[in-house]
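Novice: Sending over a structure as structure tokens; questions will come in a sec.
Bear in mind these aren't lab numbers, they're just calculated from the coordinates by the rules spelled out. Predicted model, so just to flag it, every value in this text is computed and none were measured. Reconstructed Cβ throughout: ideal geometry from the backbone, glycine too, with neighbour counts over all protein chains shown.
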Amino acid sequence: MSKNRPTLNSSLKRLAGTVLALLLVTPMARAEVAVRFVPESASLFLYEPFTLRLEVESDVPPQTPELPAVPDLAVVTVRRLPADPARRLHVFQIELIAERGGTLTVPPFAVQVDGEPVMTSALRLRIGTPRPATEMALAIAVEPTSLRVGQPATVTVTWTSEVPFERCQQLLVEIPLLMDARCQFFPLDATVPPEEQTGLPVNNIRVVAQSGRLPDGRRFLTFAYKLIPREPCVLRPPPARLVCALMKSAGPAAHGPSYFYNQFFTAPAGSEAYERIYLGATVPEVTVRALAETGRNGRFAEIVGPCELRTSVAPTRLVMGQPALLTVHLDSLAFARHLTGLPSAAFDGLRPDFQVSAEPIRETVSDSARSFTRILRPLRPGIARIPAVVIQTFDPESGEYQTLRSKPIPVTVALDPEGASRAVAARSDSQPPIPRNGIRHNRINEQTMIFVRDLLDVLGRFWWGFIPLPAVVWFALRPLIRRLDRCRRDPVYARAMAAWRRFRATAGHDEETAWRNYLADRLALCADALTADTVTAALRARQVDGALIAETRRRFEQRDAADYGKRPAVPTASTPSLVRRLQRATVPLLLVWALLIPLRGDAGERTDELFARALQMRGEKPDQAQPLLVEAALRFESAEFFLNAGNAWFFAGETGRALVNYRAAERRWPFDRQLRESIDFLRANRADAFPPPATPSGRLAALWKRFCNGATVLRVGLFVLAYLVAWTVLLAAQLAGWQVSRTVWAALIAFALVPLGSVAQTSLQPAEGVVIENTVARLGPGYAYDPAFERPLHQATEFSWLETRQGWVRARLPDASEGWLRECDCMQVQ
């Protein structure tokens, strides 16, 4: 018994160790799965999306969890993020929106890992609500509040704060007054150095505000607008509102206060704590009265308030018909940027003796002054002064209209000695017809020109196939050219070649006649008199081998010479096979020919009928005709009838798209006069006027410019055509043995180099574009950049297409100024 006790004790010890190991392994296996449920943002607010982060540490990917329903807490999405196998980490991102402020509790819920649930801990979320900002104030002032239509008023917005503005992020300023369609608003520039300017988002548009500090230590930001009412009304806009995220502490500034993107445009990071605050400001009520009905005439210049009128002219010494620049200056205005022009009646005193251009060629503007420059031409000699320019303004204080007159300007107008002999007295009983400009010509029906254009288009598009074609033809015809050249130099060889050609032409259907004619040609005998004796004598005279002479004589003696050529021709084996091949190829050729026929005639006629019906409806029912014109224009564009499309877009009121199509048509018909008149009409009536670019004068320079306006593919096709003509002349001269003079070669080379030179010139120039929608040009490719010009660009404004970047186009206008336009607001001339 004593010997068995150690063995039993050791077995019991091993059994106890095994049981203890099993008890220890089970908690360790369960400890391998860990769950962590926390919010990702430091601050949570009402109706603002926020995210929670669920982290699960396990070897097996968990299932997507389902959150329990929590009152006033809506689940938006549950996303599984990429796992981290090295850390055994699986992450879920849960996006929620709180619909009630206060404390909300997410109860524990199960996460399924390898079929076993693992419970999360309860999560308490403190949801904040925006609070009124007691440390800040927002004030809006309008001066004056009683206006007349067209009278400027100043809207001043001031934001004061006791805390640094660097703590304010994600700023939103909404001023409903600035969006009233009954008024025009112009932001005023800050009159402080750039280091004291700050960008603010107001109504989702960046404005520049002036920053400073008040005597009591508070900081302020202020900006102003000019308000111009356009109709009598009472403005009672809703209160203005300012919302921002107030950080617990101010972080380091990434940019200076004058940069486009500062702390007002950025959102708080997820780990930064902040609170939402808001401000409200009442807007004073503005009353706008109509202008007086009595006393107004055609010289009213839409100026309400003070104004000083003066004129200047350069030069003051003129000859009859010489152009001069007449500038009308409007000074000491309350505001000048909203004025668009002067009434035509203001120049009535000048018209008997002077011709005044209909539109100004140059304008200058500032906040309190504006000037308009027009072209003035004297119509007769002996004029001593330029009469006064008369305009009418309205005084809001007295409620009456006032008439302003400029001082007359002394000038000297002499007779043009060159044109004095050509002066013709006008008849008093009639006047010559005055031509009018407008949209002309609905379509181009010259089928010959269309065929030539299509031919050049094919040559230009497939130039890579036509350029090597003459060289291939040259190498293919080189043996024939050599043979013809030898025939011209050697008569014997030419006679032999002629005999061989006649033999091959008749050997297929009558071999005996072919041999008879061949022997007659080679032996210089008559074919009808060929006998065994005559052939034998001719062969002996040429010292032919005797065996060949005997064989020839035997062949002649077999049949009588009179029977030669009377037997019917035996068809060769190649003739039926050729007929069968032609029959088999007929059906595929007919199918290919049918597929290549253009089927655009019916569609074009239906589009023409639609366009004609829309024009008939346009006079009585313009609203119903508008969609028909747009549809017709789109159909014409798809069929590449650009002239018709331009006319349809013009009558639809889309002058920008009309000019794009006219320019496209001009590239295909650069010398069409009526098309050129339509383009000049649109350019003369567009809202944005630019001085004409300096171009070399002369008829030849104008023709060269029009030729360079043609489509590149057509000019390449013209070069290919000249290239093929030169090769054709060369091959014809080689085949016929002609001598081509140097003048012809020089003309052909010039004919080929002219289109090639124009293509090289235009390839160095940027593409051209046209504004199709009124748009604001900016200093950079984005809405955060300031406007590049004081006024937006209007339809039909042409520019050079320099660069495209992320939906924005860098445009260079005719006056060399540049700006960035939205790509959807402009089109490139094709």
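Novice: What FRET efficiency, computed as 1/(1 + (r/R0)^6) with R0 = 56 Å and r the Cβ-Cβ distance, is obtained for D59 and T129, rounded to the nearest 0.05?
Specialist: Working: r = 43 Å, r/R0 = 0.78.
Calculated value: 0.80.
Novice: Label point 7 Å out from D72 along Cα-to-Cβ: which residues of the range 122-151 have amide N under 18 Å?
Specialist: Only 123-132 fall inside the zone, counting backbone N under 18 Å.
Novice: What order do you get for 237-247, 403-413 when each peptide is scored by the mean count of other beta carbon atoms within 10 Å, highest first? Each step should come with its number before you reach the end.
Specialist: Values: 237-247: 19.0, 403-413: 15.9.
Descending packing order for the listed peptides: 237-247, 403-413.
Novice: Separate question: Can you tell me which of 136-144, 389-397 comes out highest on packing, and rank the rest after it, using the mean Cβ neighbours within 10 Å? Intermediate results must be reported in sequence, preceding the final value.
Specialist: On the way: 136-144: 16.2, 389-397: 19.2.
In descending order of packing, they fall as 389-397, 136-144.
Novice: Starting from the Cα of A750, step 7 Å along the direction of its Cβ; do the same at T287; then give the gap between the two resulting points in nm.
Specialist: Each label point is offset 7 Å from its Cα along the Cβ direction, giving 8.1 nm.
Novice: Oh, and also: Which FRET efficiency value, to the nearest 0.05, is calculated for D815 and E609 with the Förster distance at 30 angstrom and r the Cβ-Cβ distance? If you can, show how the numbers build up before the last one.
Specialist: Values: r = 44 Å, r/R0 = 1.45.
For R0 = 30 Å, the calculated efficiency reads 0.10.
Novice: Using 7 Å Cα-to-Cβ label points, what is the S344/K621 separation (nm, one decimal)?
Specialist: Reported label-point gap for S344 and K621 is 3.3 nm.
Novice: Go ahead and run the numbers for FRET between D114 and V38, Cβ-Cβ distance against an R0 of 22 Å, rounding to 0.05.
Specialist: On the way: r = 23 Å, r/R0 = 1.07.
For D114 and V38, the calculated efficiency is 0.40.
Novice: I've got another one for you. Starting from 0.36 nm per residue, how many nanometres of slack lie between I97 and L325 once their C-alpha separation is accounted for? Walk me through the intermediate numbers first.
Specialist: Details: separation 228, 0.36 × 228 = 82.08 nm, distance 6.68 nm.
Gain in length upon complete extension: 75.4 nm.
Novice: Rounded, prolate or oblate: which one fits the range 764-830, using the alpha carbon gyration tensor with axes a ≥ b ≥ c (rounded when a/c is under 1.5, else prolate when a/b beats b/c, else oblate)? Intermediate results must be reported in sequence, preceding the final value.
Specialist: Values: a/c = 1.41, a/b = 1.29, b/c = 1.09.
Verdict is rounded for the range 764-830.
Novice: So how strong a dipole does the range 208-358 carry about its Cα centre when Lys and Arg Cβ are +1 and Asp and Glu Cβ are -1, to the nearest 20 debye?
Specialist: Values: 16 positive and 11 negative charges, 51 e Å.
The calculated dipole for the range 208-358 is roughly 240 debye.
Novice: Note the full-extension length gain between E143 and L730 as 0.36 nm times their separation in residues minus their Cα-Cα distance, in nm to one decimal. List each step's numbers first, then the result.
Specialist: Details: separation 587, 0.36 × 587 = 211.32 nm, distance 8.53 nm.
Fully extending the segment from E143 to L730 adds 202.8 nm.
Novice: Report, by chain and number, residues whose modeled amide H sits under 5 Å from the one on A414, excluding near sequence neighbours (fewer than 5 apart, same chain).
Specialist: The answer is L318, V319, M320, G382.
Novice: Ok, one more. Note the full-extension length gain between R385 and V458 as 0.36 nm times their separation in residues minus their Cα-Cα distance, in nm to one decimal. Walk me through the numbers before you get to the answer.
Specialist: Details: separation 73, 0.36 × 73 = 26.28 nm, distance 6.28 nm.
Using 0.36 nm per residue and subtracting the Cα-Cα distance, I get 20.0 nm.
Novice: Along Cα→Cβ, 7 Å out, is where each label goes; now give me the distance between the ones at C824 and T403 in nm to one decimal.
Specialist: If labels sit at C824 and T403, their model points lie 5.2 nm apart.
Novice: Rank by packing, highest mean first: peptides 177-186, 360-369, with packing defined as the count of other Cβ atoms within 10 Å averaged across residues.
Specialist: Details: 177-186: 15.9, 360-369: 14.1.
In decreasing order of mean packing, 177-186, 360-369 become 177-186, 360-369.
Novice: I've got another one for you. Quick one: grab the alpha carbon gyration tensor of the range 270-389, order the square roots of its eigenvalues as a ≥ b ≥ c, and give me rounded if a/c is under 1.5, else prolate or oblate depending on whether a/b is larger than b/c.
Specialist: Details: a/c = 4.23, a/b = 2.24, b/c = 1.89.
In terms of gyration-tensor shape, prolate.
Novice: So what J values fall out for the range 98-105 if you push phi through Karplus, 6.51 cos²θ - 1.76 cosθ + 1.60 with θ = phi - 60°, rounded to Hz, Gly and Pro as x?
Specialist: Once θ is set to phi - 60°, the couplings for the range 98-105 become 8, 10, 8, x, x, 9, 10, 10 Hz.
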